[in-house]
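Report on one structure; see the data block that follows.
Here, each number is a calculation from the coordinates, and none is a lab measurement. Worth saying up front: this structure is predicted, and the values here are computed from it rather than measured. Don't worry about glycine lacking a Cβ; one is built from the backbone with ideal geometry, like all the others, and counts go over all protein chains shown.
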Amino acid sequence: MTTRLEVGDLAPDFTLPTADGSPFTLSAHRGSRVVVYFYPAATTPACSMEAADFDAALEDFAAAGYTIVGVSPDTVEALAAAVEAEGTRYTLAADPGLEVLKAWGAWGEKNLYGRTVTAVLRSTFVVDPEGRLSFAAYNVKATGHVARLRRDLGV
């Protein structure tokens with residue numbers, strides 16, 4: 001069973017390659033707020049809708065002091081293709097080895113079309129300026145999730 005993170009926990013630090021090949025290190029963003037969300041695969045219908053919702057709200061999140069990073073088990077090449085195809089303007093990070101997904105509890109068993117599979121648990125977190133979680137949600141829905149997050153955060 002995957003250990004789930006909770007509000008108040010120290011966010012596990014990570015450095016991952018991004019769609020443009022540069023590294024994203026969470027701890028480099030200490031002093032600011034970061035939305036970290038985990039999703040199954042770039043350019044799939046549900047993930048593309050979620051990405052578009054985050055992208056549409058990007059200016060509002062930025063104005064409220066939030067940086068957004070999406071993490072998936074995709075390769076850097078797949079993420080670069082997704083950015084090209086979908087015009088995503090925020091950071092997408094690649095975790096094909098699943099280390100970060102597992103550390104954040106975003107990899108585990110779920111029910112998919114009536115059977116149990118081990119896969120990405122669509123999850124969203126907010127890391128506060130001190131590096132602690134101020135929001136943690138597992139098994140979120142791709143559609144409507146960003147609107148709910150904006151309401152919860154007052155963005």
Given (1) 40, 35, 29; (2) 58, 36, 31; (3) 46, 28, 27 as possible values of Cα extents along the principal axes in Å, the one from the coordinates is (1)
Hits in the stretch 60-80: amide N under 16 Å from the 7 Å Cα→Cβ extension of Ser32, namely 60-70
Counting only DSSP beta bridges fully inside the chain, the antiparallel percentage to nearest 5 is 70 percent
HN-Hα couplings for the stretch 20-31 via Karplus (6.51, -1.76, 1.60; θ = phi - 60°), in whole Hz with x for Gly/Pro, come out as 8, x, 7, x, 10, 10, 4, 4, 5, 9, 4, x
Expected sort for Ser48, Ser27 with the fewest Cβ neighbours (10 Å cutoff) up front is Ser27, Ser48
When the charge dipole of the stretch 33-153 is computed with +1 at the Cβ of Lys and Arg and -1 at the Cβ of Asp and Glu, the Cα pointing farthest to the positive end, of Ala57, Ala106, Ala42, is that of Ala106
Residue-ordered couplings for the stretch 7-14, obtained by feeding phi - 60° into the Karplus form 6.51 cos²θ - 1.76 cosθ + 1.60 and rounding to whole Hz (Gly and Pro as x), are 3, x, 5, 6, 5, x, 6, 7
So, with points 7 Å from each Cα along the Cβ direction, the Ala56-Arg150 label distance in nm works out to 0.8 nm
